[in-house]
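Asks: Here it is: the structure, laid out below.
What follows is calculated from the coordinates using simple rules that are stated; it is not laboratory data. Just so it is clear, the structure is predicted and the values come from calculations on it, not from any experiment. Cβ placement follows ideal geometry from the backbone for every residue including glycine, while neighbour counts extend to all protein chains displayed.
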Amino acid sequence: RLRRLEQRVQSLKEQAWRVKARVGMLKEAVLGGGIGARAVVTHQNKMGGTFRLVKLVYALDGSQVFVRADDTGQLDDAKKISILSGPIAPGNHTLSVLMHYRGDGYGLFSYLRGYKFTVRSSHTFTASEGKQTQITVVGYERGGFTTPLEQRPAIDFRVNVATTEQRIISEGK
């Protein structure tokens, strides 16, 4: 009976070792080996008063990571929104953005409320091993008074890459 118990314990140890090795392999596949890469995506709303943001959709490599729709105005009032912050596999990635705007006017310009605008854009970036990629996506109003309304909503991608040591130093200040 003792011998069977010892064999069972040994079998469980081997099974635990195989599971641990598999977890290590999966971790390496997901993080790309070493420390991995990190991404921080932030949305900034710098749109003028002519447009009201009513829906915001973000996708990373084709998978939705953020969706928010709001007709009450709270989404438009948020000038900065944290979209994503966490580890990602090193390599090339594509960040896609979809923004729905509704025209916003009053008095003589109240007809703008009937207009809807959709802006789509994507940006490809490379996440490097051991570095943090900070992407700020800015929704803004392009042009001026003479620019046609349908050409005014625009998206700008601002990318900043820092090593994890720089990130730790800047977070510690």
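Asks: For labels at Leu84 and Val65 in the simple 7 Å Cα→Cβ model, what's the distance in nm?
Replies: Going from the Leu84 label point to the Val65 one covers 0.2 nm.
Asks: Can you give me the distance in nm between label points at Phe125 and Val23, each placed 7 Å from the Cα along the Cα-to-Cβ direction?
Replies: Here the modelled spin labels are 3.1 nm apart.
Asks: In terms of modelled amide H atoms, which long-range or inter-chain residues lie less than 5 Å from the amide H of Gly36?
Replies: Placed amide hydrogens put Gly130 under 5 Å from Gly36.
Asks: Using θ = phi - 60° and the Karplus form 6.51 cos²θ - 1.76 cosθ + 1.60, what ³J(HN,Hα) does each residue of region 8-20 get, whole Hz, x for Gly and Pro?
Replies: 5, 4, 4, 4, 5, 4, 5, 5, 5, 5, 5, 5, 4
Asks: Related question: List, in order, the whole-Hz ³J(HN,Hα) value for each residue of region 74-87 obtained from phi through the Karplus relation with A = 6.51, B = -1.76, C = 1.60 and θ = phi - 60°; use x for Gly and Pro.
Replies: 3J(HN,Hα) across region 74-87, in whole Hz: 5, 5, 5, 6, 6, 7, 9, 10, 7, 9, 8, 8, x, x.
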